[in-house]
Amino acid sequence: MRAARIHEHGGPEVIVVEEVPEPEVGAHDVLVRQFATSVNHRDIWIRQGLADATFQYELPKTLGIDVAGEVVATGAEVAAIQPGMHVTINPFIACGNCWACHRGEPARCPGFDIFNGAYAELVAVPDRIVIPVSRDVPPEHLACFPNSTITAWEMLVGKARVTPGQTVFVWAGTGGLGSAGVRIAKLAGANVIASAGSEKKLEILRGLEPDLVLNHHTDDVVARVMEYTEGRGVDLVFEHVGGATWERSMQMTSPWGPSPPPG
Ligand SMILES: [Zn+2]
């Protein structure tokens, strides 16, 4: 089968499409033929060889976090997943046995890792992270869903515990994380202010129906937020950018952050 691998760190030119052996399917594994995958920042950082240990892997390495495909084979011990199913995965792998996993907080698991290897025609994944999906979901939608949407959900629901009536500001609301942030905050019943950096992106952002749309390059974002919230500031900032936005994020946040829930 073919896979897109890196043998050295660098720009996109270090990615090589080449023949590699098909993955072995263990007793608890599911073999998926990939329809599509995505490019996440983590893929880019691993390709570039960022110094942080979480981005360091032995080379050659097949990149890719998001799986979107059809099951073609299953291991002897796999019961719930059958060939022919369309599936994706939860790419966040925890040990399942430590104190953090037992508390339902897998992101704090000392053995926590993120799946890699989706840039291949065939991918073998442990059955416990496989999620069956409807055949109606377009492959390209499925392929860009798991990593960004699970991360956004963990930020807004798991950590910030967003509630109806709160006001949430989302930077860069057309990106993978940002667009998931807008949708999840709206789903939770929050008022959503979201930003984008060009006319074209603002038009796309309006399609997600946030309550207020701002251009983070040309608008005085903090002033507009303060005006919209009548001087109070927002309860939550969906901060996934960092250096360029951090100061404004702090300035637009209501003192003490979220208001206590009503009642
Ligand atoms: Zn664990």
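What to note about this one:
- Checking each residue in the stretch 16-30 for being crowded, with 16+ Cβ neighbours inside 10 Å and in contact with a Pro (Cβ under 7 Å, 6 or more places away or on another chain) picks out only Asp29.
- Pick from the stretch 1-14, criterion surrounded by fewer than 16 Cβ atoms within 10 Å (Cβ to Cβ) and hydrophobic (A, V, I, L, M, F, W, C), ranking: nearest to Val72 (Cα to Cα): Met1
- From the list Ala68, Ala27, Ala3, the lone residue that is among the small types (Gly, Ala, Ser) and within 21 Å of the chain's Cα centre (by Cα) is Ala68.
- Restricting Arg103, Arg42 to residues that are of a type in the set (Lys, Arg), modelled with pLDDT under 95 and surrounded by 15 or more Cβ atoms within 10 Å (Cβ to Cβ) narrows the list to Arg42.
- Qualifying position, being within 16 Å of the ligand (Cβ to nearest atom) and part of a loop (DSSP other than H, G, I, E, B), among Gly111, Gly117: Gly111
- The stretch 67-87 residues that are at pLDDT 95 or above, paired with ones that are hydroxyl-bearing (Ser, Thr, Tyr) and surrounded by 15 or more Cβ atoms within 10 Å (Cβ to Cβ) (beta carbon under 6 Å, 6 or more apart): Val67/Thr88; Ala68/Thr88; Ile81/Thr74
The values are calculated or read from the model by the stated rules, or taken from the named source; none is laboratory data. Just so we're clear, the structure is a prediction, and the values are computed from it rather than from any experiment. As a convention, Cβ positions derive from the backbone with ideal geometry for all residues, glycine included, and neighbour counts pool all protein chains shown.
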